[in-house]
Amino acid sequence: MVSHKSRVGLYLAIGALVFSTVLYVRLAGKPDWLVAMGHLESRKAEAKALQTLLAKQARKNHDRLMEIYPGGYVLVGIDNRGRLLAGSPNFSCPIGVDWDQARVVQISEDQVSVVPPGIYVNGHACVQVGKIVTLVKKPASPIPLCRFKNMSVHAMFLSEGRAGMVGCLGIRPR
């Protein structure tokens, strides 16, 4: 049988442990794993918002983009933190796109500077590695990236919204 003093001591020990844990969490802030989970959830929400923006732009601009880029195009989203999200390409000719090379260099109010993805035609690099391209935040201002045979690859800014920006890589005749 447990004595009354032992029970009181046990309750005091549990109370002290709970109090010290609460005090520690308040002073130290959220535990790292909880902060990481919050960031992960935030990134998921941002990526979903950017995917929605890409889908909306694909529906809205498909016919116009196919007129400008009869060789096909791929939409590219840039979130508010400068991360890239590429849509599904629909190129009519066999080219390779290496998105690992692409990155955002700088974003300002009226332009965005990027290192475009690696573009390969028949195994040969078409875009100079590390080339920086500055897109003016005005729709329909294509920037030529490279040429091959009778086609050229262009980058173009399309739109900007709360979720981020949307650009396009397209192929058209020279």
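The values are calculated or read from the model by the stated rules, or taken from the named source; none is laboratory data. It should be emphasised that the depicted structure is a prediction, and the values quoted were computed from it without experimental measurement. Glycine also receives a Cβ, built like all others from the backbone with ideal geometry; neighbour counts cover every protein chain displayed.
For the reader, a short list of remarks on this structure follows.
- Candidates Leu54, Leu135: the one that is assigned to a strand (DSSP E or B), within 16 Å of Gly170 (Cα to Cα) and among the hydrophobic types (A, V, I, L, M, F, W, C) is Leu135.
- Annotation: of all residues in the stretch 146-166 being within 21 Å of the chain's Cα centre (by Cα) and within 19 Å of Gly96 (Cβ to Cβ), the one that is surrounded by the most Cβ atoms within 10 Å (Cβ to Cβ) is Ala155.
- Whichever residue in the stretch 112-132 is of a type in the set (Val, Ile, Thr) and outside any strand (DSSP E or B) and, among such residues, is surrounded by the most Cβ atoms within 10 Å (Cβ to Cβ): Val127
- Scope the stretch 89-120; condition over 18 Å from Met165 (Cα atoms), touching a Pro at 6+ places or on another chain (Cβ under 8 Å) and of a type outside the set (Asp, Glu); matching residues: Ser92, Val97, Gln101
- Residue within the stretch 101-120 that is more than 14 Å from the chain's Cα centre (by Cα), on the phi > 0 side of the Ramachandran plot and of a type in the set (S, T, N, Q) present: no
- Selection status of Leu65, in a strand (DSSP E or B), closer than 20 Å to Leu145 by Cα and touching a residue at least 12 places away in the same chain (Cβ under 8 Å): no
- Any pair with Cβ under 7 angstrom, 6 or more apart, that starts in the stretch 145-163 at a residue that is hydroxyl-bearing (Ser, Thr, Tyr) and ends at one that is at pLDDT below 85: Ser152/Arg174; Ser159/Pro139
- Arg43 being free of Cβ contacts under 8 Å to residues at least 24 places away in the same chain and not in a strand (DSSP E or B): yes
- Residue within the stretch 93-100 that is assigned to a loop (DSSP other than H, G, I, E, B), over 23 Å from Ala49 (Cα atoms) and either in contact with a Lys or Arg (Cβ under 7 Å, 6 or more places away or on another chain) or hydrophobic (A, V, I, L, M, F, W, C) (or both) present: yes
- Consider the stretch 73-88 and keep the residues that are crowded, with 18+ Cβ neighbours inside 10 Å and among the small types (Gly, Ala, Ser). The one that is farthest from Glu160 (Cα to Cα) is Gly87.
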